[in-house]
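I have placed the structure first, in the form of structure tokens, so that the comments after it can refer back to it.
The values are calculated or read from the model by the stated rules, or taken from the named source; none is laboratory data. Worth saying up front: this structure is predicted, and the values here are computed from it rather than measured. As a convention, Cβ positions derive from the backbone with ideal geometry for all residues, glycine included, and neighbour counts pool all protein chains shown. Calculation scope for accessible area: heavy atoms of the full protein, side chains included, ligands and nucleic acids excluded. Shrake-Rupley method; radii C 1.70, N 1.55, O 1.52, S 1.80 Å.
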Amino acid sequence: MTATAPRFGAARVLWLILATAALLGSVLSGTASAHAALTGSTPKDGAVVATAPKDVTLTFSEQVAMGDDAIRVLEPSGKRADTGELRDLCAGAVVKYGVDLHSGLPEGTYTVAWRAVSADSHPISGAFTFSIGAPSKTTVALPKEEAGGGVVGVLYGIARYVSYGGFVLLVGGAAFVLACWPRGAAVRPLQRLVVRGWAALTAATLALLLLRAPYTGADFGPGSLGAVLETKTGAALVSRLLLLGAAALFVAVLFGAYTRREDEGEKKDLTFGLAIGGTVVAAGIAGTWALSEHASAGLQPLVAMPVDILHLLAMAAWLGGLAALLVALYREPSVEGSAVRRFSRVAFGSVVVLAATGVYQSWRQVGSWSALTGTAYGRLLLLKVALVAVLVAVAWLSRRWTRRMAETAVAAAPEDAAGEAEGRDSEGGEDSEAGDSVAGGDSEAGDADAGGGAAVPVTVPDDPERAAQLARQRAVLAAARAKRVRDADPERAGLRRSVLAEAGVAVVLLAVTTVLTTTEPGRTVEEAGAAQTSAPAAVPDRPLDLTLPFDTGGVNGKGTVRLTLDPGRSGRNAMHVYVDGPDGRPLDVPELKVAYTLESKQIGPLPVLPERVAAGHWSSTAVQVPMPGEWKLQVTVRTSDIDQTTIDKNVKIG
């Protein structure tokens, strides 16, 4: 029992790290943003319009998919104000959708709630308000949970992480066997590793397919699966399942017919065929991510998708091969140093490919130095780069242990040859009773053999039962001897520890990568921010003070209007209007009205009906200016029953 404790301890530590990283990735991905953003709407968020609009439109930073009931407009009472018919208004690079509104809508504050699926398969949702006439109280409760959140979001995040982990173990483990250690195809622990990778990827893909509808905000029901299959993500998941069927055949041949081939020529041909077929299947599975997520949307998708496939394959070859090497070092003492050296070369090539493809992906998704530190995506990317640097540093230590193993093997080769010759010379002179003793289960002979002494020749009895017993005992003694030699090898022990450290960093790196794929890219964040701030530049905050002469054409129809707007910026303002006659004294007029219009955004005119405070003094404390910009101010002055005039003035409001 004591001899096997380190082996199971290492396995438990690795699985504990894997589970922790999976939970970390799922929790963080539940709070991450998706990759499309709402860049504009008509009416604007918080706008106050004089008359009810005919429709509500939304503009997005990139292509999105919107189904029926994706945009809902609710009256202050909570009643639906829209017709429910979604209109696709996309034209060229502009991504816009809208819904028509019912006629005769009452005044008050309206709520617009929307949900969509971005081009890279992630759900987005949001809500905003606008007012007709004037703001009012509303009984509408906005959803607190965004699309892709809650328990479904956590489960979906875990399934995503498990799918990446399964892909890494399946592809990387098979590549390790074919490229680094062909004899490992007959090793049970390696077989279990690859098969479990296939099972994990298959189960996670099925879970993603079932969770997809509720994850995007749709109701889960009999028809939801059919609707998912019609989407790009659904088609990618189904394609992945079909490719996993081909992968199952590949695994069956690798661990079946391949291990039974004894002819070197036939085995070489089969190795070549498995390598070609396995690469095609692995690239196809990686393509299901590239065709439905990051690479398929945004800048240069035709270049980004092949680059993403190479990135995923290199990651699988490195991290999956690392897991296979860890299993071989802990579970199979006979793994050769040459296999470790071959994997070292494969890992180096994978790191080169990862670096080249990662630089391109970073440029494509981040876009600027400010986004690298100023966005969640950029900060996660920096964390990923730091983890890769740590992983490379630990891998460098592993390479040092590998070189020391090679040097030890070269130095020990002459001694091993001499020992084998001595063993052959003494083999014929051994007493046959020793063989009978081993066959009978003699403990002293077993201890001598396990202690690494000279091999004890045995006589195979004619009794099949005795022969089977002897074979089992010899296998146990050989395994004990090999483990004793393995544990006594400091170079191999050091390599095991460094590879275990690599694996621990690798599973955390995989969790960060999973979160990164569900986070809005820095380039998209900056473009959305630029689009939202592309309105006319606001002037510095200061009270607006105007003096406007007027002439209604009647008796006592001339004078001056003095208007102040405080604080003179978007939002709530206090307005005072003073009307003076030609002599500079207050002029008491029967009626005065004010209106604001933002012609560049087709907002207004927004009427303001000030109250008479005193002769020649009118005021209003609730003037709502929806947004900054250049507004046209209209003041209407009536001096008699038939004499009135309207004065226009363009002013900038911050």
Conditions first: (1) free of Cβ contacts under 8 Å to residues at least 40 places away in the same chain; (2) crowded, with 20+ Cβ neighbours inside 10 Å; (3) within 30 Å of L208 (Cα to Cα). I124 passes all but one, so which condition is the exception?
(1)
Can you tell me which residue in the stretch 66-89 is farthest from K232 (Cα to Cα), limited to those that are open to solvent by 50 Å² or more (accessible area, probe 1.4 Å) and either in contact with a helix residue (DSSP H, G or I) (Cβ under 6 Å, 6 or more places away or on another chain) or assigned to a loop (DSSP other than H, G, I, E, B) (or both)?
S77
Picking from G428, G374, the residue that is closer than 30 Å to A304 by Cβ, modelled with pLDDT under 80 and either open to solvent by less than 50 Å² (accessible area, probe 1.4 Å) or out of contact with any Pro (no Cβ under 7 Å at 6 or more places or on another chain) (or both) would be G374
Whether any residue in the stretch 596-603 is open to solvent by 50 Å² or more (accessible area, probe 1.4 Å), in a helix (DSSP H, G or I) and not polar (S, T, N, Q) is what I want to check.
yes
Out of (1) exposed (fewer than 15 other Cβ atoms within 10 Å of the Cβ); (2) in contact (Cβ under 8 Å) with a residue 12 or more places away in the chain; (3) hydrophobic (A, V, I, L, M, F, W, C), the odd one out for A204 is which?
(1)
Please indicate, with yes or no, whether at least one residue in the stretch 102-113 is surrounded by 15 or more Cβ atoms within 10 Å (Cβ to Cβ), over 32 Å from the mean Cα position of the chain (by Cα), at pLDDT below 85 and closer than 27 Å to A622 by Cα.
no
Going through the stretch 28-62 one residue at a time, which ones are open to solvent by 30 Å² or more (accessible area, probe 1.4 Å) and either under 13 Å from the mean Cα position of the chain (by Cα) or at pLDDT below 75 (or both)?
L28, G30, T31, S33
Could you say which residue among V608, V613, V635 is at pLDDT 85 or above and under 15 Å from V49 (Cα atoms)?
V608
Go through the stretch 268-309 residue by residue and tally those that are surrounded by fewer than 19 Cβ atoms within 10 Å (Cβ to Cβ), without any contact (Cβ under 8 Å) to a residue 60 or more places away in the chain and within 30 Å of G184 (Cβ to Cβ).
11
State all residues of the stretch 564-592 that are open to solvent by 80 Å² or more (accessible area, probe 1.4 Å) and assigned to a strand (DSSP E or B); if no residue qualifies, say none.
D566, R572, P586
Step by step: first the residues of the stretch 90-100, then only those that are crowded, with 18+ Cβ neighbours inside 10 Å and not aromatic (F, W, Y), then the one that is farthest from the chain's Cα centre (by Cα). Which residue is that?
V99
Tell me, please, whether a residue that is open to solvent by less than 40 Å² (accessible area, probe 1.4 Å), closer than 30 Å to L209 by Cβ and in contact (Cβ under 8 Å) with a residue 12 or more places away in the chain can be found in the stretch 328-349.
no
What about T288, is it modelled with pLDDT of 90 or more, out of contact with any helix residue (DSSP H, G or I) (no Cβ under 6 Å at 6 or more places or on another chain) and among the hydroxyl-bearing types (S, T, Y)?
no
Kindly evaluate K632 against the criterion of being open to solvent by 20 Å² or more (accessible area, probe 1.4 Å) and touching a helix residue (DSSP H, G or I) at 6+ places or on another chain (Cβ under 7 Å).
yes
Any idea which of (1) of a type in the set (G, A, S); (2) closer than 30 Å to V64 by Cα; (3) modelled with pLDDT under 80 is the one G265 doesn't satisfy?
(2)
Could you check V151 against (1) of a type in the set (A, V, I, L, M); (2) open to solvent by 20 Å² or more (accessible area, probe 1.4 Å); (3) modelled with pLDDT of 80 or more; (4) in contact with a helix residue (DSSP H, G or I) (Cβ under 8 Å, 6 or more places away or on another chain) and say which number it fails?
(4)
